[in-house]
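The values are calculated or read from the model by the stated rules, or taken from the named source; none is laboratory data. Quick caveat: nothing in here was measured; it's all calculated off a predicted structure. Glycine also receives a Cβ, built like all others from the backbone with ideal geometry; neighbour counts cover every protein chain displayed.
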Amino acid sequence: MPNNNNNNDFKYNKHKPHLPNLDELRNIKYWIFDIDDTLYPKSTGLNKQIQDSMINYISNYFKIPWSEASQLCISYYKKYGTTITGLMNTTDINPRRFVNETHRYLDLSCIQANPLLAKALSEIKAKKYVFTNGSFGHGLRVSKKLGIEQHINGFFGTQSANFIPKPDPRAFEEFFNRYNIDPKEAIFFDDSKANHETISKMGTKTVWVTEDDQLNEELPEYVDYQTSDITSWLDYFANTKLKEIA
């Protein structure tokens with residue numbers, strides 16, 4: 001784990017600020033986090049489990065080979081943005097059952113408790129939410145494994161928006177309305193640039209959580225910050241703000 005009080009320890013994008021700007025973020029009241037490949041690293045393999053679980057469900061439901069179900073998932077993702085949207089538009093599959101069953105039996109042993117993340121979240125004195133395209137139960141289970149659930153004020157899953165997923169603007173609107181949030185007073189963390197493109201149009205600050213090899217991409221205007229280490233990013237913000245108050 002890097003020494004989070006040393007700016008030089010951060011891997012960063014030369015095209016964008018790599019550290020949180022306290023002046024810009026001091027009045028943010030709402031911190032919104034995606035869960036998968038955002039609050040834990042992609043290297044855990046959990047998101048691959050989710051993809052395999054969806055392929056398995058589709059294969060069994062339609063009685064088609066695994067390879068055909070896999071191609072169906074890919075085609076839905078390309079055309080509709082998410083697998084569940086494609087299924088809802090073209091089949092009679094029950095979306096609630098699909099989301100619940102594909103997330104319920106995942107092996108979460110790959111997710112380890114992250115005390116530094118929990119500490120950083122506890123020190124950020126604002127409301128914090130998990131907003132996932134999976135079920136809110138999945139968001140809660142993963143948050144418990146990370147040891148951060150006590151710092152989260154609300155869990156919002158795709159069923160919370162009547163199975164309209166990110167990046168559809170209606171999903172974000174439903175989220176903001178549910179929690180009475182002004183989008184201009186919020187910051188959003190996600191590994192999907194498409195989700196950032198949508199929410200930034202509402203006035204929300206964005207942090208793209210990426211892999212190290214993506215850090216030197218020239219980023220679009222709708223990405224305000226980028227990090228490959230969300231824990232260090234949040235820890236730096238929390239410690240900098242605490243020092244300002246002291």
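Taking only region 188-221 into account, find how many residues are aromatic (Phe, Trp, Tyr) and more than 18 Å from Ala171 (Cα to Cα). Let's see the steps before the verdict.
So the first thing to find is which residues in region 188-221 are aromatic (Phe, Trp, Tyr), and the list is 188-189, 208.
With more than 18 Å from Ala171 (Cα to Cα) added as a condition, the list becomes 208.
Selection size over region 188-221: 1.
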So, in region 175-207, exactly how many residues are of a type in the set (D, E, K, R), surrounded by fewer than 16 Cβ atoms within 10 Å (Cβ to Cβ) and part of a helix (DSSP H, G or I)? 4
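Give region 40-61 a look and list any residue that's at positive phi and surrounded by 18 or more Cβ atoms within 10 Å (Cβ to Cβ), or say none.
So the first thing to find is which residues in region 40-61 are at positive phi, and the list is 45.
Correct list: empty.
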Residue ranges of helices (runs of 4 or more DSSP H) in region 66-123 with at least 3 members buried (at least 19 other Cβ atoms within 10 Å of the Cβ) and assigned by TED's automatic domain parsing to the domain that holds Tyr30: 115-123
